[in-house]
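In what follows, a structure is listed as structure tokens, so that the remarks can point back to it.
The values are calculated or read from the model by the stated rules, or taken from the named source; none is laboratory data. As the structure is a prediction and not an experimental result, all values here were calculated from the model. As a convention, Cβ positions derive from the backbone with ideal geometry for all residues, glycine included, and neighbour counts pool all protein chains shown.
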Amino acid sequence: MYSPPEAELRPEEARSRRYDIWSLGCLYLEFLIWILYGNDVLETFRGSMGKDQAFYEKGLAVVAMKEVVKKWIKAIRDDPRCSPAGLTALGRLADLIEDRLLVANVVIRCSDSIPQDNCMESMVISDTSSNVDKPMLLVTRPTLPSESSESVHPERANAIEVSEEMEKIFDAAKKGDSLPWINWDGIEQAATLGPPQIQSHLAERLGTGAVGARSKSDLTPGVRYCVSLGIMQGSR
């Protein structure tokens, strides 16, 4: 369920360490859904992705995050507790998940495996001390300059980039002034709207269903508790 596209599409190739970043993005997204809406809605999310349960889908010429997953991320961004998305810690995390973690494009850079000073356009690292067949690591030259921060196609982050961004989000939210964990003013509105209703993968293919909202009574007990707790904390 948490495997990235390359595990299926290029199973014979050596995998970059960025393989785990996709899996981390899946877990972070499930964490956001759980903390905002509760376990029942998390199960609904999992059921919305179809039988394969993967977070990506294969088109005619491209592989990318499933549209239904994008809709869940959008619903989190639009949640009154997380919006404006860039101004709350949970909203920033949702941005990070979509923009840098759940990205099908992987550029294997020399810096992912060996020091940049030793980087060559192509390099085969192997043990030639015996005739026994051993696995080889092929390191290829980056398709983009390592100093470039922009790409025509979004690129999946590496572990250092994820760690640094998470630290920025945490530090800003810890201060509380510039970046609150959530938008406290949106808690009451979120309770009224309830969790998002995202059409299932099957309904999406059939052209039925829509993004909507449930009534307050549909909130799970855990979510109602979090809402009440949030109102108490935000009423200072």
Residue among Asp40, Asp52 that is surrounded by fewer than 21 Cβ atoms within 10 Å (Cβ to Cβ), farther than 18 Å from Ile169 by Cα, assigned by TED's automatic domain parsing to the domain that holds Gly194 and touching a residue at least 60 places away in the same chain (Cβ under 8 Å):
Asp40
Within the set of pairs 6+ apart or on separate chains, which have a first residue in segment 166-186 that is over 16 Å from Cys82 (Cβ atoms) and at pLDDT below 90, a second that is of a type in the set (A, V, I, L, M, F, W, C) and part of a loop (DSSP other than H, G, I, E, B), and C-beta atoms under 9 Å apart?
none
One residue from Ala104, Ala75 being outside any loop (DSSP other than H, G, I, E, B), among the small types (Gly, Ala, Ser), surrounded by 15 or more Cβ atoms within 10 Å (Cβ to Cβ) and touching a residue at least 60 places away in the same chain (Cβ under 8 Å)
Ala75
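Output the number of residues of segment 38-64 satisfying the condition of being in a strand (DSSP E or B) and out of contact with any Gly (no Cβ under 9 Å at 6 or more places or on another chain).
Looking only at that region, the number is 4.
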Hits in segment 1-37 - residues which are assigned to a loop (DSSP other than H, G, I, E, B), in contact with a helix residue (DSSP H, G or I) (Cβ under 8 Å, 6 or more places away or on another chain) and closer than 21 Å to Glu155 by Cβ:
Tyr2, Ser3, Pro4, Glu13, Arg15, Ser16, Arg17, Arg18
Go through segment 26-65 and report how many residues are within 15 Å of Ala94 (Cα to Cα) and of a type in the set (D, E, K, R).
1
